[in-house]
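Shown below is the structure under consideration.
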Amino acid sequence: MNQAIRVTKKFTFEAAHALDGYSGKCKDIHGHSYKLSVTLRGEPNTNIEDEKCGMLIDFSDLKTIVETKIISLFDHRLILRDDSRFKGIEIKNSRVRYVSYQPTCENMLLEILRLLQPEFSIENDLELVHLVLYETANSASEWRIEDNL
């Protein structure tokens, strides 16, 4: 009998951002210790001849994908909107990353979704079903596939 299961791996990265046009404290450059949780759904490999028998995905493979597609773009970066009032700071700081969206936790999560979704599909027996991005220990944005069907 086939059984769908979920596997989750957690990641951390440090990043700074500023929310231009916002009236609160977040309008100025400040940083966070982000925590990202990535959950996949599928059925474990049942091929007894395969060294990955019993696995949905090798956690080290998932780590490689997330580190390549996500962590490398966000970790120790200053993330600013394309039209930021801080434009030009990259002359003194090469770790600036300009994005087309307001770099809120919610929008960062949507970019992470766009970058990861092509890596996992029903066709390859893995489906990205849940993402959580913690901006602080008590504040997070969450995406669930069932909310978007």
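The values are calculated or read from the model by the stated rules, or taken from the named source; none is laboratory data. All values derive from a computational prediction rather than experimental measurement. Here the Cβ positions follow ideal geometry from the backbone for every residue, glycine too, while neighbour counts run over all protein chains shown.
Which of the residues spanning region 99-114 are over 11 Å from the mean Cα position of the chain (by Cα) and not in a loop (DSSP other than H, G, I, E, B)?
Correct list: VAL99 only.
Going through region 52-98 one residue at a time, which ones are polar (S, T, N, Q) and assigned to a loop (DSSP other than H, G, I, E, B)?
Answer for region 52-98, where residues must be polar (S, T, N, Q) and assigned to a loop (DSSP other than H, G, I, E, B): SER84, ASN93, SER94.
Keeping to region 27-45, report how many residues are loosely packed, with under 15 Cβ neighbours inside 10 Å, without any contact (Cβ under 8 Å) to a residue 12 or more places away in the chain and part of a loop (DSSP other than H, G, I, E, B).
1
Under 14 Å from SER37 (Cα atoms), outside any helix (DSSP H, G or I) and not small (Gly, Ala, Ser): is that true of TYR134 in this structure?
Considered against the rule, which asks whether it is under 14 Å from SER37 (Cα atoms), outside any helix (DSSP H, G or I) and not small (Gly, Ala, Ser), TYR134 comes out as yes.
Give the residue that is surrounded by the fewest Cβ atoms within 10 Å (Cβ to Cβ), with candidates limited to residues of region 123-149 that are touching a residue at least 12 places away in the same chain (Cβ under 8 Å) and among the aliphatic types (A, V, I, L, M).
ILE145
What residue, of PHE86, PHE120, PHE59, is modelled with pLDDT of 95 or more and either in contact with a helix residue (DSSP H, G or I) (Cβ under 9 Å, 6 or more places away or on another chain) or exposed (fewer than 13 other Cβ atoms within 10 Å of the Cβ) (or both)?
PHE59
Results for (1) closer than 24 Å to ARG77 by Cβ; (2) touching a residue at least 12 places away in the same chain (Cβ under 8 Å), shown as yes or no for each residue.
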residue: ALA4; (1), (2): no, yes
residue: VAL7; (1), (2): no, yes
residue: PHE13; (1), (2): yes, yes
residue: LYS25; (1), (2): yes, no
residue: SER60; (1), (2): no, no
residue: THR64; (1), (2): yes, no
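Check region 5-21 and report whether any residue there is of a type in the set (D, E, K, R) and outside any strand (DSSP E or B).
Checked region 5-21: at least one residue is of a type in the set (D, E, K, R) and outside any strand (DSSP E or B).
May I pose another question? With touching a Lys or Arg at 6+ places or on another chain (Cβ under 7 Å) and acidic (Asp, Glu) as the only criterion, which of ASP58, ASP125 stands out?
Going through ASP58, ASP125 in turn, just one is touching a Lys or Arg at 6+ places or on another chain (Cβ under 7 Å) and acidic (Asp, Glu): ASP58.
Among the candidates ARG114, ARG97, ARG77, ARG144, single out the residue that is among the charged types (D, E, K, R) and within 16 Å of ILE5 (Cα to Cα).
Criteria check complete, one pass: ARG144.
Something else: Kindly list the number of the only condition in (1) within 25 Å of SER33 (Cα to Cα); (2) outside any loop (DSSP other than H, G, I, E, B) that fails for PRO118.
It fails just one condition, (1).
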